[in-house]
Structure formats: C-alpha cells, structure tokens
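Have a look at the structure below before the remarks.
Only the coordinates and a few stated rules stand behind these numbers; no lab work does. Every value quoted in this text rests on a predicted model; they were computed, and no experiment measured them. Glycine gets a Cβ as well: all are built from the backbone with ideal geometry, and neighbour counts include every protein chain shown.
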Amino acid sequence: MSTEIKVPTLPESIADALVVTWRKAEGDAVSRDEVLVEIETDKVVLEVPAEKDGVLGKIIEGEGTTVTAHQVIGTIETADAAGKASAVAAADAAEKTAAESAGTASTAAAASASSSDGAKIDVKVPTLPESIADALIVKWHKAEGDAVSRDEILVDVETDKVVLEVPAAASGVLASIVEAEGETVAAHQVIGIIAEGAAAPAATASSASADTASDNDGETGGQTSPSVRKVMAKHGLTADQIVGTGKNGRITKEDVEKAAASVKSDAASAASTSSSASSTPAPAAAASSSSAAMDLPAGDRTERRVPMTRLRKRIAERLLEASQTTAMLTTFNEVNMQGFIDFRSQYKDLFEKTHGVKLGFMSIFIKAATEALKRYPDINASIDGDDIVYHGFCDVGVAVSSERGLVVPVLRNTENMSLADMEKGISEYAAKARDGKLGIDEMTGGTFTVSNGGVFGSMMSTPILNPPQSAILGMHATQQRPIAENGEVVIRPMMYVALSYDHRIVDGKGAVGFLKTIKEIVEEPARVVFDL
C-alpha cells in the first residue's frame, strides 16, 4: 500500500516552493513523524514529515524542483512493498560494499572498522539564516580518521553573510567526509559522519599517512588534502619541499605559502649573488633578478582565476541592486575637526581609564548621526512597496572591512548609547569581523549606515546605499587645509563628509540639513552634552 507525500499548504501569497533536501533516499526505512524532505519558500523552510512507518518508495520530485501546494512529490510503501524495497536496498548496499572493498582501504574505512561498536552520528549543516538557500563548505578542520572531541569545531560553512562553525555532536573519530571543501550544501544536509566513542589507532594513522603520501604522485613527507595539493601545484612544490606543521605532520595551506615564499626568497638571493659575481653584468641578468623577486618571468603575461566568495557575490548583488532600484544622489559638506580633536586630547586618557576603550572619531560621528536622524526622520525611514516605514529607533550599521570583504554589523538603539558604549561596540564588532565570528543577527535590521573610508586614505567618495535603508554617511581622511576663519586664512584639520540618499523618500533640503547637523555637533561636541 502506498501513501502519497505531498507539499504542505504554502503561506499566503506564496505560489510555489523549491524542493531543497531529501533527507531519505529511495528504499530507506522511515518512521512516523520523521522529517523526509525540506521545501523552501521565499520566506521559510517547511519540513515535511512521514505520515506513517514504512519505506520511502519513490521520489517523484527531486532536489531543485519547483513545486506547488499539495503536489505529490513522493510515496511511502508499507507491508510487502516495504520488504521488497528493503531487500533491493540491502542488495545495492552489499554491491556497493563489495566494490569499495576491492579498492584501496581509506582512512575512513579504517576508522569505521575500528569503531564498529560505536554509533554513527551525522555531521549536518546547521539551520541557515532566513532567505539563505545554501552555503559553501570552506574548510574542514579535521581529516578522515582524526579523533574529535564533543563540541570541537569540525568544519566552517560559509553563507552569503556569515561563516558558521559546525561542532562535533559527540566524541569519537571522523569516519567520513561526505561533502568536501568547495561543495555547495543545503541546511541540515549530511556532510560527514562521526563514529561515536571510537579512537584513532596509531597504526591506522601511520597507514593513512603512508597512503596519502603515495597518492601524491610519488611525493613524500606530510599528509595533504586535495585543497592543499591544489595550492602546491600552483606553486610547483612537492611535499618533500615543505615542512608540515599540522596534526601528524599534515601539510597545511599556510605551510605551502611559507615554503613558496622561502623558495622565492632563495631564488631572488641566488640571482642577486650571481649578478654581483660578474664584473660586467648584462642588462638581461639584472632583469632576470628583478623578475625572480616579482615571480613574473620576463615577457610572461600571467593571469590567475579564482572563484568569488559567497560574501563577495552577495556584496556585488546588493550594490548592483542599490544602483538599479533607488534614485540615489549624494551631497557633500566639510567638517573642521579641530574642535573634536581638542576635546579628545583633553579627555582621551581619562576616557580610556574610565571606560577601558579609546575614544576615536567613529563614535562622535555615530552620535551626531543619531541626533540628526531624530531631527530628520525621513532619513531614518525605508520604503516597503508603496509604504514608507518610519522607525522609532536608531540602529546604525558600521561598515567594517574584513579579509572576506565588507560587512556591516549594527549598533542597536544608538539613541540610548553613550560614546563609550559605541566605542566598545565598534571594537567588539571589528574583532569579530577579523575572526569571522559575526552572527547573522548582528548584521541585519539597520536603519542607517556609517562608512569610514578615511582609514584607507580616501579623500572623497560617493558611498552606495545599503537597501532598504534610505541613506548612508561616508567619512573620509582628515587633512590639514587652509580655510578662512574670522577673516583670516588658517590651517585646520578638515574632513569631507558625504551623504548618499534615496531621493524617492529624502528631499535635498533634508539631506543638506542632516549633514549640517552632523557638522555642527562634531565641530562643537559640547552640543551633545547640552542637548543643543
């Protein structure tokens, strides 16, 4: 007897959905209320459970298929059909096992054999943030056969916005890596298997090391993963040229880069020595030395193609969306920083001693922006369809540069924060961004953004909006410039500031007034103290 598996009722206004992940394969046994498949809409991921015990008979709609409400996407077989399906599945499994046995025994097989009495625990992709359909496996911190401890980080999974760390659910051995680095995966997808309670025997580890070394086209030395071998090939290195610093002598990407740098340095030194030894060096020899140091042979036109990270792709999409869907305009002003610099010099030591954090430029600009947002609510609003949403709070995003790209964590309720609170928040976010530890909740929901290109030396720019926000403030480098002050030409530390805004919701008068308010507060910090 067959029972149909149907797409559940979809949320209002949602016409169709996407089959994301089947958690069971055809022929697998299923239990009543066990989740069989995940279906994603524009807003949520729906889990479809089994209505009864049995065997998953047929998957009608595979992963990646678009489906509608109540559509039949699979069947559950019961009674005799289940037995038949189980027999077929068992035969397939036996055939697969026999095929695997004929090949060279892998580290995973050794780990599984040593842990036959332990339970197998799936390593799964965690729940992804709302609106995120899939993720990328960036780095496995463990190799097959490695011992793992409960809560130890096994793998890093990157989404469009954050890197998620996947910990071990139990102690044991990483028996199998199902999805390797660089693979795209979905929420709750199985990417590895832990043999609970198992240990990694020294003999097995030694055997795995020997097998890995023999797989490297005759290379000797420490173990290497496929991604590391790719980097080695790029630099033209072999394992015997590299000292592995990883576990059990495993070669890491950092080891390869270090060895490559050493080879370049040696080549440059050799070329230099050779050039010096000749009393009349030819121009070609000098060029050769220079080329060796630059790793660009004379006449060689090299190119390097690397895939975009998911974060960089998302940044590109957002920036393009902002330029194509908003009526963006930028207005400028300049700020005499002398007043705040004097204020900061007077109180910076006491400020740091009292609050344990240094007083920088960002906090005064965020404070000034918060006060300006109160006076110009259009700039703290956003467009939602045909409606304008006015926010009764100020959540200010702070653009932070990281190795992965630009991220914008959000300071919540800045209208209730002191300068010290802001500086502490900025410092904490900067550290998290550097370590890739920012959470998705820390980067969503901002009503306004402040970006400081001045830290990189930018003199002037037109920052791009961060939709659905209606404006963004750009700070720039402070430079000594001559200005007219009380009828005299004096030298003052000046900064250009820019406000990009969506002209659909913000008028020019409001934008100019907003920047003027920021200018007044930064130039005279006492205005914040006296609420002026």
> If amide H atoms are built 1.01 Å from N in the plane of the peptide, which residues on other chains or at least 5 residues away come under 5 Å of the amide H of residue 448?
Replying inline: 395, 397
> With θ set to phi - 60° and the Karplus curve 6.51 cos²θ - 1.76 cosθ + 1.60, what are the ³J(HN,Hα) couplings of segment 508-515 in order, to the nearest whole Hz, using x for Gly and Pro?
Replying inline: x, 4, x, 5, 5, x, 4, 5
> Once the Cβ-Cβ distance between residue 6 and residue 240 is put in as r, and R0 is 56 Å, what FRET efficiency do you end up with, to the nearest 0.05?
Replying inline: 0.40
>> For a test of the definition: using alpha carbon positions, the gyration tensor, and the 1.5 limit on a/c, classify segment 348-470 as rounded, prolate or oblate.
In response: prolate
> Could you give the nm distance between label points at residue 263 and residue 444, where each point is 7 Å from its Cα heading toward the beta carbon?
Replying inline: 4.5 nm
> If amide H atoms are built 1.01 Å from N in the plane of the peptide, which residues on other chains or at least 5 residues away come under 5 Å of the amide H of residue 402?
Replying inline: 407
>> Could you check the spin-label model distance between residue 60 and residue 391? Points 7 Å from the Cα along Cα→Cβ, value in nm.
In response: 4.5 nm
> If you count, for each residue, the other Cβ atoms within 10 Å and average over each peptide, how do 29-39, 381-391 line up from highest to lowest?
Replying inline: 29-39, 381-391
> Residues in segment 160-178 near a label at residue 437, defined as backbone nitrogen under 19 Å from the 7 Å Cα→Cβ point?
Replying inline: 161-168
>> At 0.36 nm per residue, and after removing the present C-alpha to C-alpha distance, how many nm does the segment from residue 233 to residue 481 gain when stretched out fully?
In response: 84.1 nm
> Taking the Cα-to-Cβ direction at residue 180 and at residue 461 and moving 7 Å from each Cα, how far apart do the two end points lie in nm?
Replying inline: 3.8 nm
> How high is the FRET efficiency between residue 16 and residue 491 when r is their beta carbon distance and R₀ equals 56 Å, given to the nearest 0.05?
Replying inline: 0.30
